[in-house]
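What follows is a single structure, written as structure tokens, with notes after it.
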Amino acid sequence: MAKHLNVDNASPQVKDFLKQLQDGEYVLEMAGQPVVGIVPPWQVDKLSQERQEVLLLLRQSRERNRALSEEEEERAGGRV
């Protein structure tokens, strides 16, 4: 889940900077190294939903593989 940071009391310079970031995706760097990625709010929600969908698929795959492994073990006569 994304963390929220209130900037109501931020300096005017910070507020102006944030307004420039409202549209589009950005990677902020320090000394040439990426530090943080910035995306629009609607994209944060979308990414969170996609993450949940991927986690569900992984769980389902793990369960299918677990069942398959048990079936293979039975066919092998319990030899593993």
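The values are calculated or read from the model by the stated rules, or taken from the named source; none is laboratory data. What you are looking at is a predicted structure, and each value in this text was computed from that prediction instead of being measured. Positions of Cβ are backbone-derived with ideal geometry, glycine not excepted, and every protein chain shown enters the neighbour counts.
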Among (1) basic (Lys, Arg); (2) surrounded by 10 or more Cβ atoms within 10 Å (Cβ to Cβ); (3) at pLDDT below 85 - the single one Lys15 does not satisfy: (3)
Collect the residues in segment 24-68 that are closer than 21 Å to Asn6 by Cβ and acidic (Asp, Glu), keeping them in residue-number order. Asp45
What's the total number of residues in segment 30-80 that are among the aliphatic types (A, V, I, L, M) and touching a residue at least 24 places away in the same chain (Cβ under 8 Å)? 1
The one condition in (1) surrounded by 10 or more Cβ atoms within 10 Å (Cβ to Cβ); (2) part of a helix (DSSP H, G or I) that Ala10 fails to fulfil: (2)
Output for Cβ contacts, cut-off 6 Å, separation at least six or different chains, first residue over 16 Å from Trp42 (Cβ atoms) in segment 13-28, second of a type in the set (A, V, I, L, M) and loosely packed, with under 10 Cβ neighbours inside 10 Å, reads Leu28/Val35; Leu28/Val36
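Residues are listed down the side, and each one gets a yes or a no for (1) modelled with pLDDT of 80 or more; (2) of a type outside the set (A, V, I, L, M):
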| position | (1), (2) |
| --- | --- |
| Leu47 | yes, no |
| Val54 | yes, no |
| Leu57 | yes, no |
| Arg64 | yes, yes |
| Glu73 | no, yes |
| Ala76 | no, no |
